[in-house]
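The values are calculated or read from the model by the stated rules, or taken from the named source; none is laboratory data. No experiment lies behind these values; they were computed from the predicted model shown. Note that we place each Cβ from the backbone using ideal geometry, even for glycine, and neighbour counts take in every protein chain shown. Just so you know, the surface numbers come from the protein's heavy atoms only, side chains and all, with ligands and any DNA or RNA stripped out. Shrake-Rupley method; radii C 1.70, N 1.55, O 1.52, S 1.80 Å.
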Amino acid sequence: MVNQYIKSNQDRFLSELFELLKIPSVSADSKHKPDVRKAAEFVVQKLKDAGADKVELCETKGHPIVFGEKIIDPTKPTVLVYGHYDVQPADPLNLWNSPAFEPIIKDGKIYARGACDDKGQFYMHIKAFEAMVNLQQLSCNIKFMIEGEEEVGSDNLGTFVKENKSKLKADVILISDTSLISLDTPSITVGLRGLSYMEVEVTGPNRDLHSGVYGGAVANPINALSQMIASLHDTNGKVAIPGFYDKVAELTKAERTQLNKAPFDLAGYKSELDIKDIKGEEGYTTLERTGTRPTLDVNGIWGGYTGEGAKTVLPSKASAKISMRLVPNQSSAEITELFTKHFQSIAPSYVKVKVTAHHGGEPAVTPTDSKAFKAAASAFEEVWGKTPIPTRDGGSIPIVSLFKKELGLDTVLMGFGLDSDAIHSPNEHYGIKNFLIGIETIVAFYKHYSK
Ligand code: BES
Ligand code: MN
Ligand code: MN
């Protein structure tokens, strides 16, 4: 029946999603503030249309949070669906094969910024909800909390959660914002990494200098910064910040064996990325490296002259954005402090170093023995005919640990994206198949969860 409902409404589902994808709700860019609000208003309207009884656009210091609910029976379990309607910036625009905010379908995939992360994924929940309401199959209470600042660190969500504990009262959190192994091998994410995001600035002389007149006698801050950054890893690919690994929970042999049972095609991985070789911390597999090990990466680096042609300059300043992915039981605040102290301590006397912290988030591991996890597994078994494999993803969704801390709630990460969907990259896409089967699997989740 659900299947039939999805089939006969799929064109409308897709055209609604297209409407949402056309709104450039880039949370990082203040120029898009009105668009971010427009996307929030769109979500409000669609939740109302789908049958929510109470829908609110909740103002924050930043972008609004959309809350909606349908309480059918207070004695029944309540599922809180979380998602985000904001998206990453689309640049570099010239690398898109078609404009980022003009969604198109090619080879069964929807191409647009946010198609997978997270508009296409949270919209499945609104359509699953609509289907259950219209088919009179809704068997749980549902709450929706769809935010607009996930891609910029969810700065105001923590306050909202703390101030609205009774409004958000639920039995479990359900999120689709992660990936599957593949359409042939369904999986449920059971771990996410945390994050500490830093910015560093190295200052040499008080102004840009002629690199011939002063070069060789005055320190070049770009050279100094490069050396400092290079020293942050040792030759085994480990992060060389004292204390960085102190709190890292090592997996047991059994856990490692289990994790590495997930299929992983190294040749395909390399060819898809056009790399000759992989590189990471020695002694760990790729799945372990991204799922269970902490890392440090430079996200951006700048300074000096980068314009056309050549300018002989010894610059005054150099900067970099550096992020660290964290795993249990590292703490974002502690790692931020360790980094700051270490980076200051390695500063040569001939430059000044400023370190500032951007947002962070805690790592999360979700239980596999809960009623909700089992319901999700049963949903996959029913719809896909296969038992989903538990996996640990390398990305971060800081709200997961916050939900646990503030509301005492566990999360089920039922994502339907693929690692190859190019989220945060040019030509982001989402399979129509993933979208439709996702809706079906979500409906099945509710059926099993309310049993
Ligand atoms: N949906 C992603 C996180 C993700 C992607 C988890 C794929 C698992 C698999 C989310 O929107 C995201 O991009 N999060 C940011 C963190 C945030 C604090 C900016 C990230 O992981 O960089
Ligand atoms: Mn996301
Ligand atoms: Mn994202």
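Under the combined filter of DSSP loop state and at most 13 neighbouring Cβ atoms within 10 Å, the range 344-451 retains these chymotrypsin sites (Phe, Trp or Tyr not before Pro): Tyr350.
So for the range 40-174, considering every pair of alpha-carbon atoms, how many percent are separated by more than 28 Å? For the range 40-174, the fraction of Cα-Cα distances above 28 Å is 23 percent.
Highest mean packing first, where packing is the average number of other Cβ atoms within 10 Å per residue, the peptides 420-427, 61-68 line up as 61-68, 420-427.
How many percent of Cα pairs in the range 351-451 exceed 18 Å? Above the 18 Å cut-off, the range 351-451 has 61 percent of its Cα pairs.
Dipole magnitude for the range 170-284: about 260 debye, using +1 per Lys or Arg Cβ and -1 per Asp or Glu Cβ, origin at the Cα centre. Counting DSSP beta bridges with both partners in the chain, what percentage is antiparallel, nearest 5? Antiparallel: roughly 70 percent of the beta bridges in the chain. Note on Asn329 and Ser420: the model spin-label points, each 7 Å out from Cα along the C-beta direction, lie 4.0 nm apart. Surface composition of the chain: carbon plus sulfur atoms hold 51% of the accessible area, using a 1.4 angstrom probe and ignoring ligands, DNA and RNA. Rg then Dmax, both in Å and based on the Cα atoms of the range 7-53: 12.5, 39.
Ordering Ser25, Gln136, Gly237 by the projection of their Cα atoms onto the charge dipole of the chain, which places +1 on the Cβ of Lys and Arg and -1 on the Cβ of Asp and Glu, puts Gln136 at the extreme positive end.
Would you calculate the convex hull of the Cα atoms in the chain and tell me its volume per residue in Å³? Walk me through the intermediate numbers first.
On the way: hull volume 71.7 nm³, N = 451.
It is 159 Å³ per residue.
Taking packing as the residue-averaged number of other Cβ atoms within 10 angstrom, the listed peptides 193-203, 88-98 run from highest to lowest as 193-203, 88-98. Peptides 114-122, 361-369, ordered by how many other C-beta atoms sit within 10 Å of their residues on average, highest first, read 114-122, 361-369. Which links in Lys46/Lys169; Lys70/Lys371; Lys279/Lys341; Lys54/Lys109 stretch past 29 Å when you go from one Cα to the other? In this structure, Lys54/Lys109 lie more than 29 Å apart at Cα.
Cross-link partners of Lys261 among lysines, defined as those whose alpha carbon lies under 18 angstrom from its own and excluding same-chain residues fewer than eight positions apart: Lys253, Lys386.
Using a ≥ b ≥ c from the Cα gyration tensor of the range 278-343 (square roots of the eigenvalues), is it rounded, prolate or oblate, where a/c under 1.5 gives rounded and otherwise the larger of a/b and b/c decides, a/b for prolate?
Values: a/c = 3.90, a/b = 1.85, b/c = 2.11.
The shape class here is oblate.
Globularity index of the range 107-183 is 1.31 (Cα radius of gyration / 2.2 N^0.38 Å, N = number of residues).
Under the combined filter of DSSP loop state and at most 14 neighbouring Cβ atoms within 10 Å, the range 8-71 retains these GluC sites (Glu not before Pro): Glu59.
Please identify the DSSP H helices in the chain that span no less than 18 Å along the helix axis (Cα) and have a mean Kyte-Doolittle hydropathy of -0.5 or more.
Numbers: long enough: 2-21 (25 Å, -0.31); 33-50 (26 Å, -0.62); 119-134 (22 Å, -0.09); 332-345 (19 Å, -0.35); 371-384 (19 Å, 0.16); 432-449 (25 Å, 0.65).
What comes out of the filter, once short or polar helices are dropped, is 2-21, 119-134, 332-345, 371-384, 432-449.
Students often get this wrong: which residues of the range 226-242 have the backbone nitrogen under 19 Å from the point 7 angstrom along Cα-to-C-beta of Glu282? Flagged as within label range: 230-242. Each Cα pair under 8 Å and six or more residues apart adds its separation to the average, and for the range 1-95 the resulting relative contact order is 25 percent.
What does the charge count around Lys127 come to, taking other residues whose C-beta lies under 11 Å from its C-beta (Lys +1, Arg +1, Asp -1, Glu -1)? Walk me through the numbers before you get to the answer.
On the way: positive: Arg12, Lys46; negative: Glu16, Asp49, Glu130, Glu440.
The answer is -2.
A simple spin-label model places the labels of Val213 and Ser30 3.6 nm from each other, with each point 7 Å out along Cα-to-Cβ.
Size of the dipole of the range 110-203 about the Cα centre, Lys and Arg at +1 and Asp and Glu at -1 on the beta carbon, nothing else charged, in debye to 20? Kindly include the intermediate steps, with their values, before the conclusion.
Working: 9 positive and 14 negative charges, 104 e Å.
Charge dipole of the range 110-203: 500 debye, to the nearest 20.
Each of Thr185 and Glu102 was given a label point 7 Å from its Cα along the Cα-to-Cβ line. The distance between the two points is 3.9 nm. Only Lys, Arg, Asp and Glu carry charge here, each on its Cβ (+1 for the first two, -1 for the last two); on that basis the chain has a dipole of about 440 debye about its Cα centre. Since only Gly216, Ile322, Gln344 are under comparison, the one whose Cα sits farthest along the positive direction of the charge dipole of the chain, derived from C-beta charges on Lys, Arg, Asp and Glu, is Gln344. Can you tell me, using C-alpha contacts under 8 Å and at least 6 residues apart, the relative contact order of the range 231-306 as a whole percent? The normalised contact order for the range 231-306 reaches 35 percent. Here the range 223-327 was treated as a single set of alpha-carbon atoms; its pair distances binned every 10 Å from 0 give 11, 33, 30, 18, 7, 2 percent. Each of Asn164, Ile72, His84 was scored by the projection of its Cα onto the charge dipole of the range 51-190, and the greatest displacement toward the positive side belongs to Ile72; charges sit on the C-beta of Lys, Arg, Asp and Glu.
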